[in-house]
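As structure tokens, the structure follows; a few thoughts come after it.
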Amino acid sequence: MRRCLIAANWKMHGNVPSIQAYLETLIERVGSDDPEVVVCPPFTFLPVALLIASGSGIAIGSQNCHWEEKGAFTGEVSATMLAELGARWVIVGHSERRQHFGETDASAAARAKAAQRAGLSVIFCVGETLEQRDSGETLAVLERQSAAVAGLDPALLAVAYEPVWAIGTGRNATPAQAQEAHATLRRRAAELLGAEAAGALRILYGGSVKPNNAVSLLAESDVDGALVGGASLDVEGFCAIIHAAPGHRPGV
Ligand code: 13P
């Protein structure tokens, strides 16, 4: 069985006064039969989020980490530092990092390896642009981007399929498009990690997930959860998405 995983990526949003009420509501609403829940706020909110979520079933993650443990990298935060704080997850290779901050397949792979070395679980993001989809390159792009998982520990890994054209646009992939991409990613994971690890791997969908489309996306057999941006900022909406997911889904 794969336990579904619903992750909130707050991106560069949030403020200290609202975090307590948000997390307290989440802690109260999420039960042990529900999917696993991870909240990824900006770096500066991690200590307070970790304090509030301590001892609860809600895990806290970061949105990025550097690939070195320490050094002259102004403005960066290492995976070791995040692990020391108590963070359990890190999002790596998000398309906004690829688009705006020069993230490459190689740098994303290096960050993911460093995160796992520090004991963090990784949500490794892949996804095609609209141009790539329109020119029929989607599955090839996913195969290329997901090559990075070859060097990773499957026990500390989830993959997120986030089509770039669906992020923040209100235009989600259809359940069939998501299922096709996820099945490709699982086949690829089987080649790279072995069939057993691929069967247990959680593959999340991200891109305009909302309470009103979560049920149909999460009904697909290879969609094991969601990485939620905008809709995760409202705790009621995020809870609705969590409760749209089955707690577990049969592994392959
Ligand atoms: P939206 O849910 O706002 O489209 O963002 C998706 C995303 O990028 C999550 O990482």
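Here's the yes/no breakdown for (1) in contact with a helix residue (DSSP H, G or I) (Cβ under 9 Å, 6 or more places away or on another chain); (2) part of a helix (DSSP H, G or I); (3) at pLDDT below 95:
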position: LEU51; (1), (2), (3): no, yes, no
position: ILE60; (1), (2), (3): yes, no, no
position: LYS70; (1), (2), (3): yes, no, no
position: THR74; (1), (2), (3): no, no, no
position: ALA108; (1), (2), (3): yes, yes, no
position: GLY119; (1), (2), (3): yes, no, no
position: ILE123; (1), (2), (3): no, no, no
position: GLU143; (1), (2), (3): yes, yes, no
Every residue from the range 208-224 that is within 12 Å of the ligand (Cβ to nearest atom) and touching a Lys or Arg at 6+ places or on another chain (Cβ under 8 Å): SER208
Inspect all residues belonging to the range 228-247 and state whether any of them is within 11 Å of the ligand (Cβ to nearest atom) and either touching a Leu at 6+ places or on another chain (Cβ under 6 Å) or polar (S, T, N, Q) (or both). yes
If a residue has to be part of a helix (DSSP H, G or I) and either among the β-branched types (Val, Ile, Thr) or over 20 Å from ILE203 (Cβ atoms) (or both) to count, how many in the range 125-141 make the cut? 5
Would you please list the contacts, defined by Cβ atoms under 7 Å and residues six or more apart or on different chains, that run from a residue in the range 3-30 that is more than 16 Å from the ligand (Cβ to nearest atom) to a residue that is of a type in the set (Ser, Thr, Tyr)? ILE27/SER56
Identify all residues within the range 145-166 that are out of contact with any strand residue (DSSP E or B) (no Cβ under 7 Å at 6 or more places or on another chain), outside any helix (DSSP H, G or I) and within 16 Å of the ligand (Cβ to nearest atom); write none if there are none. PRO163
Pairs only if they're at least six apart or on different chains, beta carbon under 6 angstrom, first in the range 153-168 and closer than 14 Å to ALA7 by Cβ, second among the β-branched types (Val, Ile, Thr) and within 9 Å of the ligand (Cβ to nearest atom); list them, first residue then second. ALA158/ILE123; ALA160/ILE123
With closer than 18 Å to ARG98 by Cα, among the β-branched types (Val, Ile, Thr) and modelled with pLDDT of 95 or more as the only criterion, which of THR169, THR184 stands out? THR169
Any idea which residue in the range 80-98 is surrounded by the fewest Cβ atoms within 10 Å (Cβ to Cβ), counting only those that are assigned to a helix (DSSP H, G or I) and among the small types (Gly, Ala, Ser)? ALA83
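The values are calculated or read from the model by the stated rules, or taken from the named source; none is laboratory data. Only a predicted model underlies this, so the values are computations on that prediction, with no experimental measurement involved. Cβ coordinates were reconstructed from backbone atoms using ideal geometry, including for glycine residues, and neighbour counts include every protein chain displayed.
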